[in-house]
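The values are calculated or read from the model by the stated rules, or taken from the named source; none is laboratory data. Since we're looking at a predicted model, the values are computed, not measured. Ideal geometry is used to build each Cβ from the backbone, glycine not excepted, and the neighbour counts take in all protein chains shown. What goes into the accessible areas is simple: the full protein's heavy atoms, side chains included, and nothing from ligands, DNA or RNA. Shrake-Rupley method; radii C 1.70, N 1.55, O 1.52, S 1.80 Å.
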Number of protein chains: 6
Amino acid sequence: MPYVNIKVTKEGVTAEQKSELIVGVTALLKKVLNKNPATTVVVIDEVETDNWGIAGEQVTLHRKRGE
Amino acid sequence: MPYVNIKVTKEGVTAEQKSELIVGVTALLKKVLNKNPATTVVVIDEVETDNWGIAGEQVTLHRKRGE
Amino acid sequence: MPYVNIKVTKEGVTAEQKSELIVGVTALLKKVLNKNPATTVVVIDEVETDNWGIAGEQVTLHRKRGE
Amino acid sequence: MPYVNIKVTKEGVTAEQKSELIVGVTALLKKVLNKNPATTVVVIDEVETDNWGIAGEQVTLHRKRGE
Amino acid sequence: MPYVNIKVTKEGVTAEQKSELIVGVTALLKKVLNKNPATTVVVIDEVETDNWGIAGEQVTLHRKRGE
Amino acid sequence: MPYVNIKVTKEGVTAEQKSELIVGVTALLKKVLNKNPATTVVVIDEVETDNWGIAGEQVTLHRKRGE
């Protein structure tokens, strides 16, 4: 029954990578808390780099500096 | 003053259906908890089927199998 | 498969009222979008009135004025 | 280490305005709670006006009436 | 820089189990998307069983029936 | 109409500090985006340090080392 929300910047995450995240998180919740995979929900949000701030700065600017 | 967030898969939800969800949730909170509709906020997120996992699998794959 | 999060202030919501919210939201998603109730998840967060702001003010203060 | 999520309607918010929100929120958390800006995360969600309800109505309709 | 929110029912999750979830999710994001563990944030919410609904019913009732 | 959610660790945040966050965020949204304070909602979540992970580690452990 767990609900997991993963937020990452929108920078070319592939359908295969999203699947790996879903598989991995669902397995982790089974292993650690014995949660039923059948009702484990995972939602991935991809956020534009202009809309994500870290250290008071947009990720867009971090990327421009090569970070 | 309630805040409600509804997440559904992005599969052709119409503006009219969104309006029905907003009207329905606002009325429910008035009926059950006597919350003031004027300050009830409802936000609907539509999530790509690749980004939604259930039972360790992307909804995209569920749909391909006709589920 | 929908996920719904309802946030209200923590002011004596009973177990029965929570049940009514869960039943009502689940039925609404079935009616409007034909979503399967079996996999509809509803999570209710009760938030202390000190932690909820509206109009730049804590709800605690609204309540003291009888609003 | 704080995490802040700002949801606003998608109505032409510029990259500069997003930056101002990120700078402002990060500074506020430093000032009020002495939180380290280096690990303060801000995520801005822009929500379509059809998907945002207030007072039981879509923001799209509010805007049409000039509100 | 990812942000992950894990919601589970409040049913005796130990500090060690929470640590395993944090370690596991952080490693998964490193493995799948090469995300820097140093800035990966994980927040675990434990939700009372009265406040979690599935299939239109509180988890409290599921548990009473032994599910 | 904006909705802002602030998550910080539960480490003795006072009612006055919460008020300052609410006042500050509401003013910021007025200044940057001309949002109406009357309908700006701010919700503060205080999260136990065992439930917050950064760099693959619980904040509880960071604090024990004096960080």
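Table for the structure above
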read-out	value
Shielding by partners - mean other protein chain Cβ count within 10 Å, residues of B:27-38	5
Rounded to 5, percent antiparallel among DSSP beta bridges of region F:3-64	20 percent
Degrees, to the nearest 10: F:15-33 long Cα axis against longest axis of chain F	50 degrees
Ellipsoid equivalent to the protein assembly as shown - semi-axes via the Cα gyration tensor, in Å	27, 27, 22
Peptide C:56-63, shielding by other chains (average Cβ, 10 Å cutoff)	4
Amide H within-cut-off set for F:T9, under 5 Å, with H built and near neighbours excluded	F:V47
F versus E: buried accessible surface, summed, Å² (probe 1.4 Å, to nearest 100)	1100 Å²
Region F:1-37: trypsin sites (Lys or Arg not before Pro) in DSSP coil with no more than 14 other Cβ atoms inside 10 Å	F:K10
Residues listed by number, region F:3-41, amide nitrogen under 18 Å from D:T14 label point at 7 Å toward C-beta	F:29-35
Where labels lie 7 Å past Cα in the beta-carbon direction, separation of E:K64 and B:A38 in nm	3.9 nm
Solvent-accessible area, 1.4 Å probe, carbon plus sulfur percent, for region F:1-53	49 percent
Other-copy label distances relative to F:N36, 7 angstrom Cα-Cβ extension, nm	1.3, 4.1, 4.2, 4.2, 4.5
Closest Cβ on chain C to the rotation axis that carries it onto E (distance rounded to whole Å)	C:D45, 5
5 Å binning of all Cα-Cα separations within chain C, expressed as whole percents from 0 upward	4, 15, 22, 17, 14, 13, 9, 6, 1
Under-5 Å amide H pairs with E:K35, H placed in peptide plane, nonlocal only	E:K30
Cross-link table A:K7/A:K64; E:K30/F:K18; B:K10/B:K35, entries beyond 23 Å C-alpha to C-alpha	E:K30/F:K18; B:K10/B:K35
Residues of the protein assembly as shown: accessible area per residue with a 1.4 Å probe, Å²	40 Å²
Integer Hz, Karplus 6.51/-1.76/1.60 couplings in order for region F:54-61, x for Gly and Pro	9, 6, x, 9, 5, 4, 3, 6
